[in-house]
Amino acid sequence: MIEDHEEENMLNICRYVDEKFQEYRHQLIKQPEATVMVLAALSIAEELFELRQQLSESEKNETVMMKRVNSKIEQLLEDIKG
């Protein structure tokens, strides 16, 4: 059984894919439909890869920051004990 939010997500994805297709269709009027679909799919895949890379970089930055914070907290605790 499909949940309401799953159906809504699927409809949003369909709209987004259709918007990309229409965008490319408008720009590439003389190209075959299959070519336009492939280019739209590649564009969406490129966006996905870029966002994944940004997320990965953000997570790495967060990890580095948390290590620094933990180190400072440990140093403060040692200073308090000391």
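Read-outs: derived from the displayed coordinates by stated rules, not from any lab. For clarity, every value in this text was computed on a predicted model and none was experimentally measured. Note: ideal-geometry Cβ built from the backbone for every residue, glycine included; neighbour counts use all protein chains shown.
Ignoring everything except DSSP H segments at least 4 long, calculate the 222 nm mean residue ellipticity for the chain; use -39,500 (n - 2.57) per segment, divide by total residues, nearest 500.
Details: 2 runs with 73 residues, N = 82.
Value at 222 nm, helices only, nearest 500: -32500 deg cm²/dmol.
Fewest-first ordering of Val36, Val17 by other beta carbons within 10 Å of each residue's beta carbon gives Val17, Val36. Our summary of shape: the Cα atoms of the chain have principal axis extents of 76, 35, 15 Å, ordered from largest down, in whole angstrom.
For region 21-82, a crude dipole built from +1 on the beta carbon of Lys and Arg and -1 on the beta carbon of Asp and Glu, taken about the Cα centre, is about 40 debye to the nearest 20. For the pair Lys30 and Ile73 in one chain, pulling the backbone fully straight at 0.36 nm per residue adds 9.2 nm over the alpha carbon distance. Between Glu23 and Arg52, the C-beta separation translates, for a Förster distance of 22 Å, into a calculated FRET efficiency of about 0.50.
Cβ crowding within 10 Å, taken as a proxy for footprinting-reagent exposure, orders Phe21, Phe49 from fewest neighbours to most as Phe49, Phe21.
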